[in-house]
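See structure below.
Taken together, the values in this text are just the output of simple stated rules run on the coordinates, not laboratory data. Worth saying up front: this structure is predicted, and the values here are computed from it rather than measured. Counting neighbours? That spans all protein chains shown, and the Cβs are built from the backbone with ideal geometry, glycine included.
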């Protein structure tokens with residue numbers, strides 16, 4: 001399948017942060033779920049999706065959404081090996097998301113030419129990524145790695161860094177994360193509850209997307 005050509009242009013990591021207050025972090029068990037799910041998010045005002053490789057359907061889901069859903073930016077999440085980088089590039093992903101930042105993985109991701117949200121949970125990891133030219137990063141796992149107090153403290157010595165915190169963020173805490181000066185958006189799985197996806201309750205997902213799109217930042 002060939003990716004559609006009417007998607008928003010993403011030229012760098014900062015563009016990803018500007019797409020929506022929340023990037024939906026999505027796991028699908030069946031490829032057939034991906035397209036109607038992505039369309040529901042788009043109707044709700046969320047023009048971006050991170051389809052993870054946490055299930056066997058992940059790669060096929062990326063390919064399906066990239067080729068069939070106009071107007072949504074498709075990211076590949078939970079990319080953990082250099083081999084997966086090439087697989088998701090071939091599937092049509094427009095950006096990459098990694099949970100951590102081992103050197104070989106980061107090298108392969110940067111070599112793909114796609115924007116990269118590389119995962120960092122400590123100042124050392126953040127500064128290492130910054131040395132590689134990545135000043136926009138994923139803070140993961142956000143709550144377990146110190147939460148808002150930690151990321152707020154990072155802004156002191158590293159005001160140039162910006163983040164998409166992901167991991168443990170809820171509809172109740174998202175606005176507080178977005179209020180931090182070094183946060184551009186957050187990642188969240190609450191927009192696509194497992195039961196709603198399994199039941200094909202796209203109206204519920206659309207409503208959750210609409211609520212997330214209205215979050216202030």
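Looking only at Cα atoms, what is the convex hull volume of segment 12-164 per residue, in Å³? Could the numbers behind the result be given before it?
Values: hull volume 15.9 nm³, N = 153.
Hull volume over Cα atoms, normalised by residue count, gives 104 Å³.
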- Item | Amide N of segment 156-187 lying under 18 Å from the label point, which is placed 7 angstrom from the Cα of residue 144 along Cα→Cβ | 164-170, 187
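In percent, how large is the relative contact order of the chain, given Cα pairs closer than 8 Å and 6 or more residues apart? Don't jump to the answer; show the numbers that get you there.
Values: 447 pairs, mean separation 51.1, N = 217.
Value for the chain: 24 percent.
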- Message: Within a 10 angstrom radius of the beta carbon, how do 190, 177 rank from fewest other beta carbons to most?
- Response: 190, 177
- Considering the chain as a Gaussian network with a 10 Å cut-off on Cα pairs, which listed residue, 192, 122, 166, attains the greatest mean-square fluctuation? 122
- Message: Given a 10 angstrom Cα cut-off, can you work out which residue in 157, 102, 24 is the most mobile in a GNM of the chain?
- Response: 157
- When 131, 211 are ordered from fewest to most other Cβ atoms inside 10 Å of their Cβ, what list results? 131, 211
- Query: For residue 207 and residue 104, what does the FRET efficiency come to when R0 = 30 Å and r is the distance between their Cβ atoms, rounded to the nearest 0.05?
  - Reply: 0.15
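Need one number for segment 14-55: average projected area of the convex hull over its C-alpha atoms, nm². Before the final figure, lay out the partial values.
Values: hull surface 12.4 nm².
Computing the convex hull of the Cα atoms and averaging its projections yields 3.1 nm².
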- Message: Between residue 176 and residue 90, what is the label-point separation in nm under the 7 Å Cα-to-beta-carbon projection?
- Response: 4.5 nm
- Query: Of 66, 130, 174, which has the largest mean-square fluctuation in a 10 Å C-alpha GNM of the chain?
  - Reply: 130
- Item | For segment 166-217 and segment 1-73, distance of Cα centres in Å | 15 Å
- Which FRET efficiency, nearest 0.05, do residue 128 and residue 215 yield, Cβ-Cβ r, R0 35 Å? 0.70
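For a footprinting-style exposure proxy, rank 31, 22 by other Cβ within 10 Å, fewest first. Kindly include the intermediate steps, with their values, before the conclusion.
On the way: 31 18, 22 29.
The order, fewest Cβ neighbours first, is 31, 22.
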